[in-house]
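Remarks on the structure that follows.
The values are calculated or read from the model by the stated rules, or taken from the named source; none is laboratory data. Predicted model, so just to flag it, every value in this text is computed and none were measured. Positions of Cβ are generated from backbone atoms using ideal geometry, with glycine treated the same way; all protein chains shown enter the neighbour counts. Heavy atoms of the whole protein, side chains included, go into the accessibility calculation; ligands, DNA and RNA do not. Shrake-Rupley method; radii C 1.70, N 1.55, O 1.52, S 1.80 Å.
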Amino acid sequence: MGDLATAFGMLADPTLLVVVLASAVYGLFIGAIPGLTATLATALLVPFAFFLDPLPAIAAVITMSAMAIFSGDLPSALVRMPGTPASAAYTEDAYRQTQAGNGALVLGVALGGSVIGGIVGAVVLMVAAPALAEFALQFTSYEYFWVAVLGLTASVIISQGSQLKGAISLCIGLLLATVGIDIALGYARFTFGSTDLLQGISFIPAMIGLFGLSEVLRNVLHPPGRIEPVRLRTRGMFRDTRRALWRYRRGVVSGNVIGGAIGALPGAGGDIAAWVSYAATKNASKDGHLFGKGDGHVEPIVSAGSANNAALASAYVPTLVFGIPGDTITAILLGVLLVKGVQPGPELFGAEAPLLYGIYLVFILANLLLIPLGYLAVRSSGALLRVPPALLMPIIVAFCVVGAFSINNGYLEIGVMLALGVLGYLLERTGFPLAPVVLGLVLGPIVEKNFMQSVIKTNWDLTQFLTRPISAALLVITLLVLLYPVLRRSLRALTGRRPLRH
């Protein structure tokens, strides 16, 4: 109880409340602009987080991401352009419903589903993280090696599009992670004589380039065109929303279950959760044949909209327990925590209990704050969507440059940001996902460190990776994840079912 009281005291700090409110407005704005993602918003927020204490820094990311994922539904419904990838699954239904005169209902349902999903995800975090952390206290370098390998494997298997391209993206991230001093032998790798590269590629400039500058390049070189949003009438929105959520309560439940489960997988996140929930709802619903056709349908917006926000909070489970990012947002946040001296892992649940309780409370506060601010965003959605890209893009570029430079006050970081910005743009244009690059960059050192520690202390006895009970179980899970596509195709061939197309 003492730790909880301390957390409430931390939450009442005026600085934290101002940070939460400012981050909420910032997230609503970024999410409502087509093409600007919650990951981009997180990358741009990082330089400011360096000047904050750990809890306000985490609160800024939590609040911003919850707001951005919801406000991504605004351009989906109004102009048929998802504001964030997490909104893409149900964009067609949202837009068709809006054209049929149900725009206020669509956004009301999206708002209600987001709030419920966010709170359920927070409950999953509160329950699952401490229990998993107690179990993780038994982990040694062998188990952490397999957990990191599982995260790398999952990031490829669940990648949208070609899994071969996902694997190539992962290898690019792993290659970038090898730059610097060798963990075991202490010699320089891929530094090309530069002393600045001895410390490796700085994580934050890499993220700003991959998700910030690449988005600017994509929007400038391939502009989305003229945006003419539909005007909404919000009278009676909450009444109609309450009725719709109750009518499709099974979708709310399934969306939260799917979002909570998928969000806890390393590298998955809300984008994947939304698509899986959409597909599951379409298979189970008696109106599934109406999804994405005619006037569209509200039911997939209820389920998938709940799933993507539920996944936001549950993505913090592997992040806090194992130091393995649950999605790209937590991957960036992980870098911030490490810089601030906060080491995620099972020991965190004893040494930093007030901080953890504070994180739980921030999730609840952010999702409750989403109700009034989300409603105001719906009312002012037309103005948000009319921000000229010619004004917005230079501001984002300036934030990218300042953010990269502020890490070490060096020009190398700006160069890394520019290079990876171009790389991120080229990868996306050719269909290569960026999430595996991030996971490779983050998890590569963890895999190498734990592997080398394990083999050095056993004089290269590799059987320890296979014979320890927990290691063996993690190995089996990793193999099942790796073989999942083959098993799925075999099962469909036996049953004669065709794969569901989104």
* Estimated translational D of the range 397-502 in µm²/s (Stokes, Kirkwood radius over Cα pairs; 4 °C; 1.567 mPa s) -> 70 µm²/s
* Rough spin-label spacing in nm, given labels placed 7 Å along Cα→Cβ, for L483 and C171 -> 2.4 nm
* Any chance you could look up the accessible area of W460 with a 1.4 Å probe, heavy atoms only, rounded to 10 Å²? => 150 Å²
* Asked: Which of the peptides 348-359, 461-472 is most tightly packed, and how do the rest follow, going by the mean number of other Cβ atoms within 10 Å of each residue?
  -> 348-359, 461-472
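Provide the packing ranking of 389-399, 165-175, i.e. peptides ordered by the mean count of other C-beta atoms within 10 Å per residue, highest first.
Numbers: 389-399: 14.5, 165-175: 19.8.
Result, highest mean first: 165-175, 389-399.
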* To do: Quick one: accessible surface of K457, probe radius 1.4 Å, all protein chains present, in square angstrom to the nearest 10.
  => 120 Å²
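Given the range 1-159, what whole percent of its Cα pairs are spread farther than 23 Å? Provide the component values of the computation, followed by the final result.
Details: 6795 of 12561 pairs.
Here the long-distance tail beyond 23 Å is 54 percent of all Cα pairs in the range 1-159.
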* Percent of C-alpha pairs per 5 Å bin, the range 1-67, short to long -> 3, 18, 27, 21, 14, 9, 5, 2, 1
* Asked: Around N308, with a cut-off of 10 angstrom between Cβ atoms, what is the net charge of the other residues, counting Lys and Arg +1 and Asp and Glu -1?
  -> -2
* Mind jotting down a quarter of the surface of the convex hull over the alpha carbons of the range 265-389, in square nanometres, one decimal? => 10.8 nm²
* To do: Could you provide, to the nearest whole Å², the per residue accessible area of the range 102-169 with probe 1.4 Å?
  => 33 Å²
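Quickly rank 60-73, 428-441, 361-374, 302-315 as a protection proxy: mean count of other C-beta atoms within 10 Å, highest first. Provide the component values of the computation, followed by the final result.
Values: 60-73: 30.1, 428-441: 22.2, 361-374: 20.4, 302-315: 33.9.
Descending packing order for the listed peptides: 302-315, 60-73, 428-441, 361-374.
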* Give the long-range amide H neighbours of T37: residues separated by 5 or more places, or on another chain, with amide H under 5 Å away, using H modelled in the peptide plane at 1.01 Å from N. => none
* Placing +1 at every Lys and Arg Cβ and -1 at every Asp and Glu Cβ, with all other atoms neutral, what dipole size does the range 270-386 have around its Cα centre, in debye to the nearest 20? -> 320 debye
* **Reachable aspartates and glutamates, given that their alpha-carbon falls under 12 Å from the alpha-carbon of K340 and they are not under 8 places away in the same chain** => D53
* Got a number for carbon plus sulfur as a percent of the chain's accessible area, 1.4 Å probe? -> 65 percent
* Structure fact -> Whole-Hz Karplus couplings 3J(HN,Hα) for the range 92-105, θ = phi - 60° and coefficients 6.51, -1.76, 1.60, Gly and Pro as x, run 4, 5, 4, 5, 5, 5, 5, 4, 7, x, 10, x, 5, 5
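Using the heavy atoms of the protein chains and a 1.4 angstrom probe, tell me the accessible area per residue for the range 399-502 in square angstrom.
For the range 399-502, the solvent-accessible area averages 60 Å² per residue.
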* Asked: Compactness ratio of the chain: Cα Rg over 2.2 N^0.38 Å, N = residue count?
  -> 0.95
* Structure fact -> With all protein chains present and a 1.4 Å probe, the order of Y187, Y360, Y375 from largest accessible area down is Y187, Y375, Y360
* To do: Return one number: the angle in degrees, 0 to 90 and rounded to the nearest 10, between the long axis of the Cα atoms of helix 141-157 and the longest principal axis of the Cα atoms of the chain.
  => 40 degrees
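Using only the Cα atoms of the range 125-220, build the gyration tensor, take square roots of its eigenvalues as a ≥ b ≥ c, and label the shape rounded, prolate or oblate: rounded if a/c is under 1.5, else prolate if a/b is larger than b/c, else oblate. Let's see the in-between values first.
On the way: a/c = 1.88, a/b = 1.20, b/c = 1.56.
Oblate shape, in that a/c is at least 1.5 and b/c is the bigger or equal ratio.
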